[in-house]
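For reference, the structure is listed below as structure tokens.
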Amino acid sequence: MTSDDVPIGRRVARWRVRRSMTQQMLADRLRRSKSWVDKIERGARTLDRYSVIQEVAHVLRVEPEVLLGQPRSTPAGTPGGVDDIRAALARYDIPEAPPQTDELRRQVGHAWLSFQHAHYGQLVRVVPGLLDAARAAQRAEALVQAYRITSSLLVKLGEADLGWLAADRAMTAAGDDRLLAAAAAISVGQALRAQDRDRLALAALLPAANRVLPPSAHFCDQEVCGACGDQTCRKRLDHEGGSEGEGQGGHRGWAVGGTLLVQATLAAAGCGEHRRADELIDRAAGVAASLRGYDDTHRTCFGPVAVELARVLIAAQRGDAAEALRRHSSVVRREGWRRLPAEYRGAYLVDVARAYLHLGDVRGAARALVDADSIAPAEVRCRASARTVIADVARAQPAPAGVARLATLVGLTR
């Protein structure tokens, strides 16, 4: 049995014995009955209020994390190094001695893996050198990838304005390549959404999607055309080739286009345009159902599960708690959910926690935050937006123990 498997009551008993206390002595110092202490140690009574855990820990002279079975961690926060990234973005001279193509490809791949595993502290140190290497090579694909990674990281670290700059650089580097420009537009949309500029995000995302998706998935002047139902779109997508500029096969373009539609869906929901959001996500579902396997070169993670996760968020956004809960409980049991990168799952769960709060479900928000922390700790502990959700949940009385512990780790006071 590992220490994490040991019930909290048994930990209380062990530390009581180590401190040479009887149950009566501990009870007296806690101003509780001996029977209460005995029930806690036997597991007959649940010790789940963080304020009480803090009180017991204080008497036993240990940290609350010790009783909770969690190692004591250093306070979390946004990793330093953003100034170095800003300095790298401010350099306009082209570095000499471009790296070998294979070496640059390795650096880009390593950076994407670091991002997808939510290793943001490590990535902050890597990005300045990656930007210099990509600029030295002057290869459009490498530049777009480097700027997209930079933009995504900066958005995570609460620097959405700077992330927008990096995303705009990616658009410029893409030039006339439609697929690269569409991939860069994903980053533009994410940076704008992070600044609560959902209408601007929609204006950037939808035209980009139209440029890479087949005509059957395009939209009319009103952005969404109702003349083509899901089944019609799905059938035509299965038989049509990719659009111009897609390079190695149409499915890659569809994955990028589908991701643009998902981002546009979330932007529409953020604008309060719930009917448009539903229509957009239906189009994205049609694209996802058409994919027959592809190489995710542009790190979109697009597919049926990504579409279903977006449906959860837009249902919560419009206040449909029953549908949001039903869809959420269903999608996280799917095999595709477990195959998504840790960053993607962690970010989604933080969004779900925020949605639960909007619906007045503090316990649901707490569960989502604790799950997110177990999957991608940096997604919860390094992001300012996540800390805001933690603080809101931790204010509940009584505060859920897991979230109160997270509040302590990120330096929040209750």
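The values are calculated or read from the model by the stated rules, or taken from the named source; none is laboratory data. The model shown is predicted, which means the values in this text are computed figures rather than measured ones. Quick reminder, even Gly has a Cβ in these numbers, built from the backbone with ideal geometry, and neighbours come from all protein chains shown. In case anyone asks, the SASA skips ligands and DNA or RNA and just uses the protein heavy atoms, side chains included. Shrake-Rupley method; radii C 1.70, N 1.55, O 1.52, S 1.80 Å.
Some points to look at:
- For region 261-307, the relative contact order is 35 percent, taking Cα pairs closer than 8 Å that sit 6 or more residues apart in sequence and dividing their mean separation by the residue count.
- Relative contact order for the chain, counting Cα pairs under 8 Å that sit 6 or more residues apart, in percent: 14 percent
- If R0 is taken as 45 Å, the Cβ-Cβ distance between residue 46 and residue 93 corresponds to a FRET efficiency of 0.10.
- Ranking 274, 328 from most to least accessible surface, computed with a 1.4 Å probe over the protein chains only, gives 274, 328.
- Dipole axis of the chain (+1 Lys, Arg; -1 Asp, Glu on Cβ), positive-most option in 362, 95, 203: 362
- Residues considered: 172, 22, 259. Largest GNM mean-square fluctuation over the chain, using C-alpha springs under 10 Å, is found at 22.
- In plain terms, the chain is cut at each of the GluC sites (Glu not before Pro) found in a DSSP loop with at most 13 other Cβ atoms within 10 Å, and the longest leftover piece is 245-414.
- Taking the inverse of the mean 1/r over every pair of distinct Cα atoms in region 313-414 gives a Kirkwood hydrodynamic radius of 13.5 Å.
- For region 160-212, the relative contact order comes to 37 percent (Cα pairs under 8 Å, sequence separation of at least 6).
- Against the set (1) 41, 24, 18; (2) 45, 26, 17; (3) 46, 23, 22, the structure's computed semi-axes √(5λ) of the Cα gyration tensor in Å falls on (2).
- Each of 15, 112 has its accessible area taken with a 1.4 Å probe; listed largest first, they run 15, 112.
- Listed values for region 123-138 are Karplus-derived 3J(HN,Hα) couplings in whole Hz (6.51 cos²θ - 1.76 cosθ + 1.60, θ = phi - 60°), namely 5, 4, 6, 7, 4, x, x, 5, 4, 4, 5, 5, 5, 5, 6, 6, and x replaces Gly and Pro.
- Gaussian network model of the chain, springs between alpha carbon atoms under 10 Å - residue of 66, 188, 331 with greatest fluctuation: 66
- Accessible-area composition of the chain, carbon plus sulfur, in percent [1.4 Å probe]: 47 percent
- Extended-chain gain in nm, criterion 0.36 nm per residue less alpha-carbon gap, residue 397 and residue 100: 101.1 nm
- Mean accessible surface per residue for the chain, computed with a 1.4 Å probe while every protein chain stays in place, in Å²: 46 Å²
- For region 383-396, 3J(HN,Hα) per residue [Karplus equation, 6.51 cos²θ - 1.76 cosθ + 1.60, θ = phi - 60°, Hz, x = Gly/Pro]: 8, 4, 5, 5, 5, 5, 5, 4, 4, 5, 6, 5, 6, 5
- Magnitude of the charge dipole, the chain, Cβ model with Lys/Arg +1 and Asp/Glu -1, debye to 20: 2320 debye
- A helix-only calculation puts the chain at -21500 deg cm²/dmol for mean residue ellipticity at 222 nm, using -39500 (n - 2.57) for each DSSP H run of at least four residues, averaged over all residues.
- Shape of region 253-341, Cα gyration tensor, a/c cut at 1.5: oblate
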